[in-house]
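What follows draws every value from the coordinates through simple rules; no lab data is involved. The structure presented is a predicted model; accordingly, all values stated were derived computationally and were not measured. Positions of Cβ are backbone-derived with ideal geometry, glycine not excepted, and every protein chain shown enters the neighbour counts.
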Amino acid sequence: MKTFDTFETVEGMLTCRKLPIIIHAKQINEEFRVNTLEGNYKQGKPGDYLMQGIDNELYICDKEIFEKTYEWVW
């Protein structure tokens, strides 16, 4: 089984762009958890975002990752 540490070590990586899919999200300002598609619970921290995925599943996105990756659609 191969182990990859950084993308620089993977030969043949190509550039791509994430599709502009509209999702729903809400910042939660207390600890919370969500039942995942895998059937277990994930823990969210205050300030993290609860998000609806493309298959209507719920998942948690870290606040810092959300702010770097998403923008609000008004």
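Side notes on the structure shown:
- For the chain, the longest site-free run once GluC sites (Glu not before Pro) in DSSP loop states with at most 11 other Cβ atoms within 10 Å are removed: 39-70
- Given charges at beta-carbon only (K, R positive; D, E negative), |dipole| of the chain in Debye: 140
- Rg/Rg_ref, the chain, where Rg_ref = 2.2 N^0.38 Å and atoms are Cα: 1.35
- The sum of -39500 (n - 2.57) across all DSSP H runs of n ≥ 4, divided by the residue count of the chain, sets its helix-only mean residue ellipticity at 222 nm to -2500 deg cm²/dmol.
- Low-density loop cleavage sites - trypsin sites (Lys or Arg not before Pro) in the stretch 1-69, where at most 10 other Cβ are within 10 Å (DSSP): LYS2, ARG17, LYS18
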